[in-house]
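The next block holds one structure in the form of structure tokens; read it before the comments.
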Amino acid sequence: MATTESWQTREKIIEAFFYLNHYLDHYARKFAELEAIKIAVLDDPAKKADLKLLFDEDPSLSMTELVAKYQKAKTVRDWIVANA
């Protein structure tokens with residue numbers, strides 16, 4: 001018969017996998033929201049130019065950095081899709 005400690009460890013393992021899968025699903029959904037924004041705004045030259053004005057004034061995130069962050073997020077999302 002398994003010890004109480006083994007049962008508790010088993011539950012922690014199962015819980016960890018549940019949350020990891022949940023976080024991957026959440027990442028995919030959030031990326032889908034980001035992709036929708038990209039399509040609606042960033043792929044439209046007039047809307048992109050207007051948004052760029054805001055990012056050009058924001059010292060914490062430039063448009064170049066925004067594009068780099070998007071590409072990194074897309075790389076992660078693509079890996080999740082290919083490997084999850």
Gap separating the Cα centres of region 14-55 and region 69-84, nearest whole Å: 11 Å
For the chain, size of Cβ-based charge dipole, Lys and Arg +1, Asp and Glu -1, in debye: 200 debye
Under 23 Å between alpha carbons - lysine pairs in the chain that sit 8 or more apart or on different chains: 22
Value of [θ]222 nm, deg cm²/dmol, for the chain, DSSP H segments ≥ 4, -39500 (n - 2.57) each, nearest 500: -28500 deg cm²/dmol
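Any read-out appearing in this document is the output of simple, stated calculations on the displayed coordinates, not a laboratory observation. Computed from a prediction, not measured in an experiment: that's the story for all the values here. Cβ: placed from backbone, ideal geometry, glycine included. Neighbour counts: every protein chain shown.
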